[in-house]
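K.L.:
Let me give you the structure first, and then I'll get to my questions.
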Amino acid sequence: MRVVLAGAGMSPSQVEAVMGMSTGLREGFVPEQPRTPVTTTDTTLEAWARTELRPAFQTAG
């Protein structure tokens, strides 16, 4: 997986960050702050990207 990520253009530190996250999830990672109705929003990734990310790219061009 490291070779694939590096081949996709990730830096060594990015590769290690992704590997660390995936390893943690595979090995029973327990978040420091569990998700609850108080800490979770109903905003979808698509909605966030449309309202926050898309405008940032439109003004950058």
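The values are calculated or read from the model by the stated rules, or taken from the named source; none is laboratory data. Treat the numbers as computed from the prediction; the structure is a model and nothing was measured. A quick note on method: Cβ atoms are made from the backbone with ideal geometry, for glycine too, and the neighbour counts reach across all protein chains shown.
K.L.:
Is there a residue in the range 8-18 that is modelled with pLDDT under 85, surrounded by fewer than 10 Cβ atoms within 10 Å (Cβ to Cβ) and on the phi < 0 side of the Ramachandran plot?
P.N.:
First, the residues of the range 8-18 that are modelled with pLDDT under 85: none.
Within the range 8-18 (the criterion being modelled with pLDDT under 85, surrounded by fewer than 10 Cβ atoms within 10 Å (Cβ to Cβ) and on the phi < 0 side of the Ramachandran plot), the answer is no, since none of the residues qualifies.
K.L.:
Among the residues of the range 19-36, count how many are surrounded by fewer than 10 Cβ atoms within 10 Å (Cβ to Cβ) and either at pLDDT below 85 or touching a Lys or Arg at 6+ places or on another chain (Cβ under 8 Å) (or both). Full working, then the answer.
P.N.:
Initially, the range 19-36 is screened for residues surrounded by fewer than 10 Cβ atoms within 10 Å (Cβ to Cβ), giving 25-28, 30-36.
Restricting the remaining residues to those that are either at pLDDT below 85 or touching a Lys or Arg at 6+ places or on another chain (Cβ under 8 Å) (or both) gives 25-28, 30-35.
Matching residues across the range 19-36 total 10.
K.L.:
Within the range 52-61, is even one residue within 14 Å of the chain's Cα centre (by Cα) and among the polar types (S, T, N, Q)?
P.N.:
no
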